[in-house]
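Structure first, then comments.
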Amino acid sequence: MSAVAFVTESSVFSASADGVLPAPLPVVGRDVRVPLVTGGDAEYAALDYAASAPCLQRVWDDVAAYLPYYGSVHRGAGYLSQLSTDLYEQSRATVAGYLDARADDVVLFTRGTTDSLNLLAAALPAGTRVFVFETEHHAALLPWRRTADVTQLPAPGSPAEAVAALDAALAASDPGTPRLVCVTGASNVTGELFPVAELAATAHRHGARIVLDAAQLAPHHKVSLAGLDVDWVAFSGHKLYAPFGAGVLAGRGDWLAEAEPYLAGGGASKTVTADAVEWNDGSARHEAGSPNVVGAYAIASACRALDEAGLEGLAAREGALLARLRAGLADIPEVRTLDLFGPESARVSVLSFVVEGWNSSRFAAALSAEYGIGVRDGLFCAHPLVRKLLGGRSDAPTECGAPDAPAGEQNLNAIRVSFGAGTPEEHLDRFVAAVRELVARGARWTYRTDGGRCVPEADPRGPVSAAALG
């Protein structure tokens, strides 16, 4: 039986002919209600998509339809094993098509973006020099330090400055050394888009290769290996509405084929004797162990759903909502949004800000406990960038119960709001109204620091526990 039989028919996005914003894509948990510290409950407003996006209903339906037929992948003689193997390899082909992969590109399933970039770092030829901007997420900033010589480029002030800085750095480097550029597609802090195609052209002009960290870009815009002319792309399923523990590294196969397997074990090995091993070729070489077929299928399902919905239409909807959000926050003088390239730069629906007179962690805690709104506070695993945007302040811990710290000490981290294809308009309207109310009136509850997190004092709801799920 072909795995195609398990594709379900959940409804997807369709653009409105009259110009009205279309409805969000159906996501699991859309109507979940959470208790408030002040009494009662509220529909949860999930505004932390940049960390993990909710599961598309379409993805959940596809996975649920497959699970009764779940079996081991590769080499199993049983019917369900053969069916699951077919599903897994079809998922690989679906992802390749979604990424406009070239004929000789390979698609590897990993645990996520961090795993993908660490895999590539482990496959670099000896002596490789890696060029990376300090604006990167730690997943793209740190893996190379273990296996390569690293040139860290300062945060650029504009897309053009990024291209010029890379051009100069590559021109000054040894052309006989293998060189790799790593760049984010969209910042996980500001949402701003980097000039990926121009950076790729610059890298290739100097004989270097380039890998694209598309963790934040892929959920919002088309990512084409061929169109952008990047050598590799990495992204995570849990940011692409498929939170089942899988990710992707796709692109050129030569360095991967020449490297030792990322993990040693079954699947990666072709023949094993007492004192020798012959490793597999192709994707199997770096996918040792039992593959996460559910995670791979979930990513493929999300790719199909986003393709059918139309990424251009989804991006247009998000752009309209982002403009509405930015306008609402601009009307609150105490709010300062963080930008790298400037307020008019192109971006996805990720926005970070600080509030004058407030500890950011306390502000985020109040949004959650008093309004049922989930955002992120901190340095967002991009410490160099956030510190730069905050004016070089330290990230030393502070007590979240003291919002009126002296100027220059109150904003040691930031607040991030992010959304996507499943976000209703009213959740963003509630968020802006809550920010305005907190700034004007203050928090209704007191907060304290516990284990590094800001939590309500004497929380009447009790500790947050998975036991609430039953």
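The values are calculated or read from the model by the stated rules, or taken from the named source; none is laboratory data. Fair warning: this is a prediction, and the values are worked out from it, not measured in the lab. Glycine gets a Cβ as well: all are built from the backbone with ideal geometry, and neighbour counts include every protein chain shown.
A few remarks follow.
- Residue check for Leu412: in a loop (DSSP other than H, G, I, E, B), at pLDDT below 90 and not assigned by TED's automatic domain parsing to the domain that holds Ala215: yes
- Among the candidates Ser301, Ser290, Ser224, residue that is at pLDDT 95 or above, among the hydroxyl-bearing types (Ser, Thr, Tyr) and either touching a Ser or Thr at 6+ places or on another chain (Cβ under 9 Å) or crowded, with 24+ Cβ neighbours inside 10 Å (or both): Ser301
- Of the residues making up the stretch 212-227, none is more than 27 Å from Gly310 (Cα to Cα) and in contact with a Phe, Trp or Tyr (Cβ under 9 Å, 6 or more places away or on another chain).
- Selection of first residues in the stretch 197-209 that are under 15 Å from Ser224 (Cα atoms) and of a type in the set (D, E, K, R) and of second residues that are at pLDDT 95 or above and surrounded by fewer than 23 Cβ atoms within 10 Å (Cβ to Cβ), restricted to Cβ pairs under 9 Å at least 6 apart or on distinct chains, gives the following pairs, ordered by first then second residue: Glu198/Pro159; Glu198/Ala160; Glu198/Val163.
- Failed condition for Ala302, given (1) part of a helix (DSSP H, G or I); (2) free of Cβ contacts under 8 Å to residues at least 60 places away in the same chain: (2)
- Residue that is touching a helix residue (DSSP H, G or I) at 6+ places or on another chain (Cβ under 8 Å), surrounded by 21 or more Cβ atoms within 10 Å (Cβ to Cβ) and outside any helix (DSSP H, G or I), where the choices are Ala162, Ala203, Ala250, Ala155: Ala250
- One residue from Phe194, Phe235 being over 15 Å from Thr113 (Cα atoms), crowded, with 21+ Cβ neighbours inside 10 Å, assigned by TED's automatic domain parsing to the domain that holds Cys303 and not charged (D, E, K, R): Phe194
- Some residue of the stretch 170-179 being surrounded by 21 or more Cβ atoms within 10 Å (Cβ to Cβ), within 26 Å of the chain's Cα centre (by Cα) and not in a helix (DSSP H, G or I): yes
- Among the residues making up the stretch 344-363, those that are over 20 Å from the mean Cα position of the chain (by Cα) and either part of a strand (DSSP E or B) or crowded, with 21+ Cβ neighbours inside 10 Å (or both) are Val354, Val355, Trp358, Asn359, Ser360, Ser361, Arg362, Phe363.
- So Arg387, is it touching a Cys at 6+ places or on another chain (Cβ under 9 Å) and either closer than 30 Å to Leu21 by Cβ or modelled with pLDDT of 90 or more (or both): no
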